[in-house]
1. What accessible area, in Å² to the nearest ten, does a 1.4 Å probe give for Trp307?
2. Once phi is turned into θ = phi - 60°, what whole-Hz ³J(HN,Hα) does the Karplus curve with 6.51, -1.76 and 1.60 give for every residue of segment 353-358, x standing for Gly and Pro?
3. Give me a comma-separated list of calculated 3J(HN,Hα) values for segment 119-134, in order, Karplus coefficients 6.51, -1.76, 1.60 applied at θ = phi - 60°, integers in Hz, x for any Gly or Pro.
4. Using the Karplus equation 6.51 cos²θ - 1.76 cosθ + 1.60 (θ = phi - 60°), what ³J(HN,Hα) coupling, rounded to whole Hz, does each residue of segment 175-184 give in order, writing x for Gly and Pro?
5. Using 0.36 nm times the number of residues separating Val96 and Gln237, minus their current alpha carbon distance, what extension gain do you get?
6. GluC sites (Glu not before Pro), restricted to segment 47-92: which are DSSP loop and have at most 14 other Cβ atoms within 10 Å?
7. Ratio of Rg to Rh for the chain, alpha carbon only, Kirkwood?
8. Glu172 to Thr119: extension gain in nm, 0.36 nm per residue of separation minus the Cα-Cα distance?
Amino acid sequence: MGSVRVLRAVNGSSLVWNTKLRSSTVCARAFSAKMSPPSKAVVYEQHGSPDQVVRMVDFPPVEIREKDVCVKMLAAPINPSDINRIEGVYPVKPPVPAVGGYEGVGEVQSVGSAVTGLTPGDWVIPSPPSFGTWQTYIVKEENVWHKINKNVPIEYAATVTVNPLTALRMLEDFVDLNSGDAVVQNGATSIVGQCIIQLAQIRGLHSINVIRDRTEAEEVRENLKKLGADEVYTESQLEVKNVKGFLGDLPEPVLGFNCVGGNSASLVLKFLRQSGTMVTYGGMSKKPIAVSTSSFIFKDLALRGFWLQKWMSLDKAKDCRIMIDYLLGLMREEKLKYEMELVSFDDFPLALEKALGKQRSHPKQVLKF
């Protein structure tokens, strides 16, 4: 008898795969049902270091039911949260075995008989995003997919949902900002950081940006200023008694963003004005945030957190799609941009190595199918 493996099929359901019988089973089903093409996927069957636990797997065709849409993926990024899910350290993760990836863009390949809102050739993204985008074909119900305008580069369509939307929501959800106000952030070179700079400028807001010390700091500073940053400082530049002396004519920031933690978060807090708010959405340094007692008592600072996945779980699907269309419009007009690198899906091991950043930092890796 053939060996049996439980894998995750292109529609997200569990697939018991008998390696000797699968061909005859697939052929029998093909005569009685509409089927997807075979799919290739990046799968992990246990949690651990991504470069050790993921592998490329071939999936047989699956049935396209009446409300299903079969999507040929065009592009999908490798996000830090994707890495964390594979490692098993992310708060929400799919059960293993699982297909990697959480966002992306695809083209409708075929539709079920009851599908009315999508047709072959449409570009779609999973909205809210869903697990399993690192595969060549995905079959899911129509309500999972959001049709988008094709007039945007695929790498932007593939990455619009997580980082740009995080930046937009954080600028909207915590403080009532008015034109002329200022925000401060660390991690300014991240995609969220670059989006905050550009979205702030669109709203008439000033941005003060903190970056880590590096040999190419001046080049990074100039690049961020081209995006619209008012001021960019390295962490070592701000190791002074009064960081507010660096503000010049800019107002004290009312809102700060932290994705680093440790000393970098403390620098953001030092810039904030009375009753200011710092929002934490990441912890890249893996160091805790230290806050002085006086910051709470005398400055009345507020510390908040933001997690996009939790926000999208609050019945926000319609709102999410409206905001995605807005962000895609900015991308088409080149008012919102960031650096990425397209890599062939067949070269996934290379893209993963770059995304893990074991040698040096690289632009965000976006898989092109």
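1. We get 90 Å² for Trp307.
2. 4, 5, 5, 6, x, 6
3. So the J values, rounded to whole Hz, are 9, x, x, 5, 8, 9, 10, x, 9, x, x, 9, 5, x, 8, 8.
4. For segment 175-184, the Karplus-derived couplings read 9, 6, 8, 10, 3, x, 6, 10, 10, 10 Hz, x marking Gly and Pro.
5. On the way: separation 141, 0.36 × 141 = 50.76 nm, distance 4.56 nm.
Residue separation times 0.36 nm, minus the Cα-Cα distance, leaves 46.2 nm.
6. Those satisfying the criteria are Glu66.
7. Numbers: Rg = 22.5 Å, Rh = 22.0 Å.
Rg/Rh: 1.02.
8. Stretched out fully, the Glu172 to Thr119 stretch lengthens by 15.6 nm.
The values are calculated or read from the model by the stated rules, or taken from the named source; none is laboratory data. These numbers were taken from a predicted model, which means no experiment stands behind them. Because the Cβ atoms are built from the backbone with ideal geometry, glycine has one as well, and the counts that use them run over all protein chains shown. Heads up: the accessible areas ignore ligands, DNA and RNA and are worked out on the full protein's heavy atoms, side chains in. Shrake-Rupley method; radii C 1.70, N 1.55, O 1.52, S 1.80 Å.
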